[in-house]
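Data block below; observations after.
The values are calculated or read from the model by the stated rules, or taken from the named source; none is laboratory data. Since the structure is predicted, the reported quantities are computational estimates derived from the model, not experimental observations. Cβ sites come from the backbone with ideal geometry, for glycine too, and all protein chains shown count toward neighbours.
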Amino acid sequence: MSMSLRASSRALAAWPADVVVRVRASKDLAGVILVAPAILTLVALLAYPVVYNLWLGFHQKHALQQTATWVGLQNYAFFVFSDRQFWDSFWLGLVYAIVTVVAQLVMGVAAALLLNEDFKGRLIVRGIALFPYMIPITLSVIIWRWIFNNQYGIANYMLVSWGITDKPPIWLGPDWIFWTLIAVSVWTFFPFVLISILARLQTIPPELYDAAKVDGAGAVGRFLNITLPQIKTVLFIVILLRSVWMFTKFDIVWMWGGQSYGGLGEHVRILPMYTYHRIFGLFQAGEGAALANIMFFILLFAAYFYFKYFRQEETSV
Amino acid sequence: MIGHAASPATTPSVTAAPGARRHAVQPGVRLRRIGYQVLLYSGAFLLTFYCVVPLVWMFITALKPPNEVITWPPVVLPKEPTLRNFRLLFEESLILTFLRNSLVTAFASTVLSILLGTLAAYSLTRYNYWGRDKLATFILLGYMFPPIVLIIPFFVWFKAIGLTDNYLGLIITYVALGLPFATWLLWAFFQSIPMELEEAAWIDGATRAQAIVHVIFPLALPGVIATSIFTFIVAWNEYLFALILMNTDPMKTLPVGLADLLNRPMTDWGVIMAAGVVITLPALLFFILTQNYLIKGWGAGAVKG
């Protein structure tokens with residue numbers, strides 16, 4: 001290996017990460033052979049379940065038994081036309097997804113802008129700000145359940161001792177459990193937005209801001225005219241992924257109370273909870289599959305329109 | 001912090017330090033700069049507080065004897081710090097077994113995902129064949145699956161072929177969850193490695209394999225590491241499939257084992273928090289060491305994606 005090559009690869013590392021290099025690909029069978037294992041794995045692991053679920057959605061089947069009876073569109077018709085619980089779950093899930101995504105975006109972008117500025121201890125704060133996303137979700141649920149504990153929680157203690165209220169709310173009771181769930185979800189997932197936006201902010205050439213300053217642009221003007229257009233592509237993807245993931249969120253909701261079907265569980269019963277209870281609580285695998293399919297189609301539909309109306313030209317998806 | 005090793009690709013911050021300005025400072029401007037500094041540091045303080053205080057509270061609770069945990073008003077700092085919770089944790093729970101299960105499944109699935117993903121990413125950026133461009137959409141589709149869509153088929157399927165309560169079953173599941181994501185990120189990384197470098201190596205007489213080992217691999221390494229970390233975290237934190245597929249205690253992973261501690265009839269918060277500390281410490285250490293890769297890796301994926 002020649003020295004010049006080493007030097008040029010070192011020089012390459014100095015390029016901005018977003019330099020898009022047009023690849024001149026060659027026609028070759030070897031390429032197909034290399035990509036085949038990944039594609040076959042994905043088809044086997046993802047396409048099979050989708051096809052199976054579609055098939056199962058047309059059947060009535062006990063979750064633990066082998067026999068399935070064809071019922072046509074009955075499962076779908078039942079949920080859409082005559083099941084109130086389905087619609088309650090749908091709307092609750094929609095509220096959950098929208099509120100948490102908006103809150104994550106606001107906090108994540110604000111924190112990214114902050115951590116892109118220069119100050120002492122910036123690297124430490126950057127590390128710390130990613131903690132919530134990196135600890136297991138089980139753990140963040142446990143910590144917050146302890147903080148919000150109805151009897152011994154530090155949250156209530158602070159409210160009382162600072163004289164804010166004498167009768168602190170029951171955070172994990174019927175009135176508040178949905179809203180504390182949202183608070184915990186935002187705490188856990190906002191670093192995803194932060195890290196994505198921050199990574200992009202770091203690649204914006206400083207000259208752009210210098211030029212704007214010379215032109216007399218204020219902080220708000222610089223944000224709107226330089227920062228926002230630069231992070232638009234990332235925002236597009238981040239909003240898409242976070243919305244999909246929040247709409248299908250299972251674990252955090254399950255552990256925050258969703259595991260009981262009635263009682264408190266009712267207040268956090270979003271679609272994935274409802275699906276789970278239909279399958280493993282009522283053993284209606286066919287109905288559960290129909291619910292899962294409905295969710296999948298809602299997402300495909302929403303993603304289609306999202307791409308159609310908001311896609312940026314530079315997005316290479 | 002490792003962050004100092006930041007590559008030149010992560011350009012320094014946008015606003016230069018106030019002192020760096022050459023022009024004479026007017027009083028109004030100085031006031032605004034002080035205001036900016038106050039805003040900056042109070043923002044940084046609030047963010048730190050928000051992210052770190054819950055964890056600090058976990059550490060503190062883990063060191064308290066039971067009578068200081070279950071008490072009102074809460075005792076903020078432990079009066080008689082004790083390791084009782086940790087002792088009970090190791091004696092009464094299978095925490096070390098859970099830890100081993102989590103490590104095995106997360107590690108194996110990461111290696112598999114990265115192997116398949118790297119081959120695919122190299123192929124997608126270096127060869128041309130029918131349908132190549134459609135694969136981007138196909139892989140994105142992998143993102144759209146609600147995990148709950150996968151759960152019935154996986155459960156039925158694995159039950160039938162005896163892969164429940166089995167490492168292999170969970171590893172396969174985590175490859176299904178991690179591979180689309182890993183391929184996506186790696187693809188973005190490989191796109192940023194110019195073809196010219198490889199061609200230069202060929203002209204110098206290197207074979208394709210040599211060019212990959214000496215040119216492509218060193219350049220792709222940061223991306224591969226970043227992707228590995230993310231793939232690992234997905235598996236390490238996963239709850240739903242581990243809950244469904246691993247039914248007996250000796251096969252459970254950390255997230256499920258931890259949740260079981262919470263669901264015991266008499267919740268012992270001290271022991272649970274001690275478990276939290278045991279899980280968090282190695283993860284945090286690892287994470288602080290790799291933080292720089294995380295931010296860079298995410299950037300590449302997000303920018304291209």
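Among the candidates B:Leu150, B:Leu185, B:Leu135, B:Leu115, single out the residue that is facing chain A (nearest Cβ under 9 Å), in a helix (DSSP H, G or I) and buried (at least 23 other Cβ atoms within 10 Å of the Cβ).
B:Leu150
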Quiz item: When B:Pro8 is evaluated against the numbered criteria (1) surrounded by 15 or more Cβ atoms within 10 Å (Cβ to Cβ); (2) under 24 Å from A:Gly127 (Cα atoms); (3) modelled with pLDDT under 90, which criterion, by number, is the only one it fails?
Solution: (1)
Quiz item: Hey, any hits in region B:153-175 for a residue that's assigned to a loop (DSSP other than H, G, I, E, B), of a type in the set (D, E, K, R), under 30 Å from A:Trp55 (Cα atoms) and within 8 Å of chain A (Cβ to nearest Cβ)?
Solution: no
Practice problem: Quick one: B:Asn67 ticks every box in (1) in contact with a Pro (Cβ under 9 Å, 6 or more places away or on another chain); (2) assigned to a helix (DSSP H, G or I); (3) modelled with pLDDT under 90 except a single one, so which number is it? | Solution: (1)
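Every residue, every condition in (1) closer than 23 Å to A:Val184 by Cβ; (2) touching a residue at least 60 places away in the same chain (Cβ under 8 Å), yes or no:
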| residue | (1), (2) |
| --- | --- |
| B:Pro27 | no, no |
| B:Leu46 | yes, no |
| B:Pro54 | yes, no |
| B:Phe59 | yes, yes |
| B:Pro74 | yes, no |
| B:Pro81 | no, no |
| B:Ser93 | no, yes |
| B:Phe98 | yes, yes |
| B:Asn101 | no, yes |
Exercise. Quickly run through region B:79-111 and pick out the residues that are part of a loop (DSSP other than H, G, I, E, B), surrounded by fewer than 16 Cβ atoms within 10 Å (Cβ to Cβ) and of a type outside the set (A, V, I, L, M).
Key: B:Lys79, B:Glu80, B:Pro81, B:Thr82
Quiz item: Which residue, of A:Arg222, A:Arg200, is crowded, with 24+ Cβ neighbours inside 10 Å and over 30 Å from A:Ser89 (Cβ atoms)?
Solution: A:Arg200
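Give the residue that is farthest from B:Tyr143 (Cα to Cα), with candidates limited to residues of region A:243-266 that are outside any helix (DSSP H, G or I) and facing chain B (nearest Cβ under 10 Å).
Ranking the qualifying residues of region A:243-266, first place goes to A:Gln259.
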Quiz item: Identify, please: which residue in region A:138-177 is in contact (Cβ under 8 Å) with a residue 40 or more places away in the chain and surrounded by fewer than 18 Cβ atoms within 10 Å (Cβ to Cβ) and is, among those, nearest to B:Trp269 (Cα to Cα)?
Solution: A:Gly173
Exercise. Answer yes if at least one residue in region A:52-69 is among the hydrophobic types (A, V, I, L, M, F, W, C) and more than 12 Å from chain B (Cβ to nearest Cβ), and no otherwise.
Key: yes
Self-check item: Residue list for region A:131-146, restricted to those being within 7 Å of chain B (Cβ to nearest Cβ) and within 17 Å of B:Thr48 (Cβ to Cβ)
Solution: A:Phe131, A:Pro132, A:Met134, A:Ile135, A:Ile143
Quiz item: Which helices (runs of 4 or more DSSP H) sit wholly inside region A:149-242 and have at least 2 residues that are within 22 Å of A:Val109 (Cα to Cα)?
Solution: A:177-201, A:206-214, A:219-222
Practice problem: Might you let me know whether region A:272-280 holds any residue that is at pLDDT below 90 and out of contact with any Pro (no Cβ under 9 Å at 6 or more places or on another chain)? | Solution: yes
Practice problem: Filter region B:149-168 down to the residues that are closer than 18 Å to A:Gln60 by Cα and of a type in the set (Val, Ile, Thr), then identify the one that is modelled with the lowest pLDDT. | Solution: B:Val149
Practice problem: Can you tell me which residue within region A:267-287, out of those that are more than 10 Å from chain B (Cβ to nearest Cβ) and without any contact (Cβ under 8 Å) to a residue 24 or more places away in the chain, is surrounded by the fewest Cβ atoms within 10 Å (Cβ to Cβ)? | Solution: A:Leu282
Quiz item: helices (runs of 4 or more DSSP H) wholly in region B:224-305 with at least 2 residues that are at pLDDT 85 or above, more than 8 Å from chain A (Cβ to nearest Cβ) and under 30 Å from B:Thr183 (Cα atoms) - which ones?
Solution: B:240-245
